[in-house]
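For reference, the structure discussed in these notes is given below.
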Amino acid sequence: MKALDDDLLILGAGGKMGPTLALRARRASPHRVVAVSRFSDRRAEQMLQDAGVETIHADLLDFDELSRLPDAPNVIFMAGRKFGSTGAAHLTWASNAYLPARVAERYRDSRIVAFSSGNVYPLVPAASGGAAEDTPPGPIGEYAQSVLARERMFEFFSERYETAVCLLRLNYAVELRYGVLLDIGTAVFEGRPVNVAMGMVNVIWQGDANSVCLRSFALCKSPPAVLNLTGPETVSVREIALRFGELFGCKPKLEGQEAETALLNNAARCHALFGQPSVDAKTAIEWTAEWIRAGGTTLDKPTHFETRDGRF
């Protein structure tokens, strides 16, 4: 971050990852860090301001507001829509495809790191190690299709204007208040069944995902660089539930049967570039169990990781 030549603008900074990403950037960067969001959670906005992050209220789908945002040589694009896509697909496509096109044109002279998703890949055999960056896309459902459209828009404008871009295909970031591990652990703790049809998952500690994002400006190029972003482990949902059962002293309720395929992401290239994550899945499970047992706060946003038909 100290090597970045100027200010950093984070678009869509009020979501699940944005506030912690902005805080990490502020600690590391000698330059101005600006977070843009509607900031429905005013506590998150106040936390950022207290840490020295500048905040701007803006609805990015209001293109007059988008045009008035400050210029910045370095831009992180985090805005998007996933849950609620079924029944409101038009809004998902506007958020995930049309908005990126407007952003890519507005910030064509910047370097852009844009979050994508491992959902652009097809389901792959559970024993395969996951889809790599050269795996042909095979998005399932309108959400995943719109995320691939997001990538194509950044690709189009990158080639048109020679904008340096890096696309991060993430799944799944976890922290104590949100994520696949919290979903599974809470179900076990409360005695609710855990569906194991999506038999395997990848996870990465959110702090590690944020660190990779901030270092990915060095990868930006035209046409865009693509980087898978997740942890090194392919973790069994059944084994995660059983481990939470051990930690809570109870027997998990499991339902369904593991399918032969899963949504998996091979991030070997990421780890070769940036090293192994600082927090492994085993540790994250143990931390999450302690958090659940202590009654820690959550974002109350289930991941629906078990969804296999692409309907979110």
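The values are calculated or read from the model by the stated rules, or taken from the named source; none is laboratory data. Worth saying up front: this structure is predicted, and the values here are computed from it rather than measured. Glycine also receives a Cβ, built like all others from the backbone with ideal geometry; neighbour counts cover every protein chain displayed. Remember, those area values only see protein heavy atoms, side chains included, never the ligands or the DNA or RNA. Shrake-Rupley method; radii C 1.70, N 1.55, O 1.52, S 1.80 Å.
Figures for the structure shown
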| read-out | value |
| --- | --- |
| Contact order relative to length of the chain, as percent, for alpha carbon pairs under 8 angstrom and 6 or more apart | 19 |
| GNM top mover of Ile184, Ile112, Ile56 - the chain, alpha-carbon springs below 10 Å | Ile56 |
| Qualifying lysines (Cα of each under 27 Å from Cα of Lys251; at least 8 residues distant if same chain) | Lys282, Lys301 |
| Accessible area of Met17 in the full protein assembly, 1.4 Å probe (Å², nearest 10) | 20 |
| Gain upon complete extension [Ala51, Ala218; 0.36 nm per residue less C-alpha separation] | 57.6 nm |
| In region 226-312, GluC sites (Glu not before Pro) in a DSSP loop with at most 12 other beta-carbon atoms within 10 Å | Glu260 |
| Of Cys250, Cys270, Cys213, the one that fluctuates the most in a GNM where the chain has Cα springs shorter than 10 Å | Cys250 |
| Where only C-alpha atoms are counted, convex hull volume of region 265-312 per residue in Å³ | 134 |
| Within a Gaussian network of the chain (alpha carbon springs, distance under 10 Å), most fluctuating of Arg32, Arg24, Arg68 | Arg68 |
| For Ile204, distant residues with modelled amide H under 5 Å away | Tyr172, Ala173, Val174, Gly231 |
| Calculated FRET value between Lys251 and Asp280, using beta carbons and R₀ = 22 Å, to 0.05 | 0.30 |
| Solvent-accessible area per residue, Å², over the chain with all protein chains present [probe radius 1.4 Å] | 44 |
| Separation of alpha-carbon centers, region 241-312 and region 77-93, rounded to whole Å | 23 |
| Where a label projected 7 Å from the Cα of Asp109 along Cα→Cβ would reach, residues of region 38-69 with amide N under 13 Å | none |
| Where N is the number of residues in region 1-148, Cα Rg divided by 2.2 N^0.38 Å | 1.12 |
| Sulfur and carbon atoms: percent of accessible area, region 54-97 [1.4 Å] | 53 |
| Residues listed by number, region 120-142, amide nitrogen under 16 Å from Arg269 label point at 7 Å toward C-beta | 120-122, 130-138 |
| For region 169-279, fraction of C-alpha pairs farther apart than 17 Å, in % | 58 |
| Largest-first ordering by accessible area, 1.4 Å probe, given options Glu190, Glu105 | Glu190, Glu105 |
| Solvent accessible area, Å² - Leu299, 1.4 Å probe, full protein context | 50 |
| Between 0 and 90°, nearest 10: helix 206-215 axis offset from the chain longest Cα axis | 30 |
| Rg ratio (alpha-carbon, reference 2.2 N^0.38 Å) - the chain | 0.97 |
| Accessible surface of region 153-223 [probe 1.4 Å, protein heavy atoms]: carbon and sulfur percent | 52 |
